[in-house]
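This report refers to the structure that appears directly beneath it.
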Amino acid sequence: SSSSRRQSTGRMAVYAVLLHGEAMQSENDVAIWASRFYSREGNDKWSCARAKAVAGRVRQEFSVSRSEVDIPDKKFARIKSDSKTESRGVFRVTKSRLFSTPKTVCWLHQSKSLCTLICEEHANVLLAANQLGMLAYSISTHFGASALQDPKIINSRPEEFHMLLDRMMPSGHLQYLTQADANKELAMLASVLQKSKS
């Protein structure tokens, strides 16, 4: 089966998933299109502030990547992409009022959106990068290519977005997925949705 071919972390590695716009909603505010936190802490009263703080930092990193400025920290350097329409990055978040433990943040820019994974400190960064790519692919395949450009598309179908996350990273576990694996998960999701409508 496809699940037996996947490499998965033995414990929850994803703290949160964020989908947000590349543009600022206002002068000091980032538009969060969709999000999910996988821990009790993540879902506390600071959830919104936590999401916007990370999304704002990702937005800054994305702006820097456009200007092609190198990051001196080799361990957490920006992950370069050959595509002119896609860029990726990784950075650390230290312990603070919003985070009880340090986190590793991986982000991917595609179209007009930024997909972000807030992971536990020692999560496998390469696995997270793969997961981000497959997540963006799955969103654009299931909801249509415009879903990474128009927040209204996912906002109007939130249950489907969370069902997609359940298939791609169940309970916040990172897993290695090929495009074929993603297509199988999307087919099963479509089947479930079709049965629910019949």
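Check Asp150: other-chain or 5+ apart residues with amide H under 5 Å from its amide H, H built from backbone geometry?
Here the answer is none, since no amide H 5 or more places off falls under 5 Å of that of Asp150.
Tell me, what HN-Hα J-couplings in whole Hz come from the Karplus equation 6.51 cos²θ - 1.76 cosθ + 1.60 at θ = phi - 60° for each residue of region 134-144, using x for Gly and Pro?
Karplus-based 3J(HN,Hα) across region 134-144 equals 6, 5, 4, 4, 5, 4, 5, 6, 6, 8, x Hz.
How large, in percent, is the carbon and sulfur part of the accessible surface of region 138-198 at a probe radius of 1.4 Å?
Solvent-exposed carbon and sulfur of region 138-198 make up 53 percent of the total.
Show me the three semi-axes of the equivalent ellipsoid for region 107-198, from the C-alpha gyration tensor (sqrt of 5 times each eigenvalue), largest first, rounded to whole Å.
Details: eigenvalues 93, 53, 27 Å².
Computed over region 107-198, the values are 22, 16, 12 Å.
Can you tell me which of 125-134, 111-120 comes out highest on packing, and rank the rest after it, using the mean Cβ neighbours within 10 Å?
Working: 125-134: 19.4, 111-120: 23.1.
Highest-to-lowest ranking by the protection proxy: 111-120, 125-134.
Whole-Hz Karplus ³J(HN,Hα) for region 149-162, in order, using 6.51 cos²θ - 1.76 cosθ + 1.60 and θ = phi - 60°, x for Gly and Pro?
Those phi angles translate into 10, 10, x, 4, 5, 6, 4, 7, 9, x, 5, 5, 4, 6 Hz.
Using modelled amide H (1.01 Å from N, peptide plane; none on Pro or chain starts), what sits under 5 Å from the amide H of Gln110, excluding residues fewer than 5 places away?
For Gln110, the qualifying residues are Cys115.
Could you tell me whether region 145-198 comes out rounded, prolate or oblate from its Cα gyration tensor? Rule is a ≥ b ≥ c as square roots of the eigenvalues, rounded for a/c under 1.5, then prolate if a/b exceeds b/c, otherwise oblate.
Oblate is the answer for region 145-198, as a/c is 1.5 or above yet b/c matches or exceeds a/b.
The values are calculated or read from the model by the stated rules, or taken from the named source; none is laboratory data. Bear in mind that the values here come from a model prediction, so they are computed numbers and not experimental data. Note that each Cβ is placed from the backbone with ideal geometry, even for glycine, and that neighbours are counted across all protein chains shown. All accessible areas refer to the heavy atoms of the entire protein, side chains included, with ligands and DNA or RNA removed. Shrake-Rupley method; radii C 1.70, N 1.55, O 1.52, S 1.80 Å.
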